[in-house]
1. Could we say that GLU61 is surrounded by 14 or more Cβ atoms within 10 Å (Cβ to Cβ), modelled with pLDDT of 95 or more, not aliphatic (A, V, I, L, M) and not in a loop (DSSP other than H, G, I, E, B) here?
2. Can you pull out the residues in region 59-88 that are at positive phi and either out of contact with any strand residue (DSSP E or B) (no Cβ under 7 Å at 6 or more places or on another chain) or among the aliphatic types (A, V, I, L, M) (or both)?
3. What are the residues in region 1-28 that are at pLDDT 65 or above, of a type in the set (Gly, Ala, Ser) and not in a strand (DSSP E or B), if any?
4. How many residues are modelled with pLDDT under 95 and either basic (Lys, Arg) or on the phi > 0 side of the Ramachandran plot (or both) when one looks only at region 29-58?
Amino acid sequence: LYSQLQAPAAPEPLAVAPQQLEKVAEWGQKLTVKLPDGTIVKLNGGSRLTFPEVFEGPIREVRLAGEAFFEVAHNPARPFVVRGNGLE
């Protein structure tokens, strides 16, 4: 008696969140960072910026610890949000 086995179905691909990147300006240093959407961020010394490798979803969100100046790329359909120290 001969039977044929079928290979199991391939699993569904998992949704993978974009990788988070981090830039740190050490004390006494200033750092300029260009985000994936074209926004320019100037970090002051002792500051840390965390952002996704690719902005996905309805908002563009970054996290800031410290001080920074943002030149936000205009996109009214996708607001730019900075979170840090309990503020938004």
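The values are calculated or read from the model by the stated rules, or taken from the named source; none is laboratory data. The shown structure was predicted, so the numbers you read here are calculated from the model rather than taken from an experiment. Reconstructed Cβ throughout: ideal geometry from the backbone, glycine too, with neighbour counts over all protein chains shown.
1. Working: surrounded by 14 or more Cβ atoms within 10 Å (Cβ to Cβ): yes; modelled with pLDDT of 95 or more: yes; not aliphatic (A, V, I, L, M): yes; not in a loop (DSSP other than H, G, I, E, B): yes.
Considered against the rule, which asks whether it is surrounded by 14 or more Cβ atoms within 10 Å (Cβ to Cβ), modelled with pLDDT of 95 or more, not aliphatic (A, V, I, L, M) and not in a loop (DSSP other than H, G, I, E, B), GLU61 comes out as yes.
2. ASN85, GLY86
3. ALA17, GLY28
4. Total satisfying the criteria: 1.
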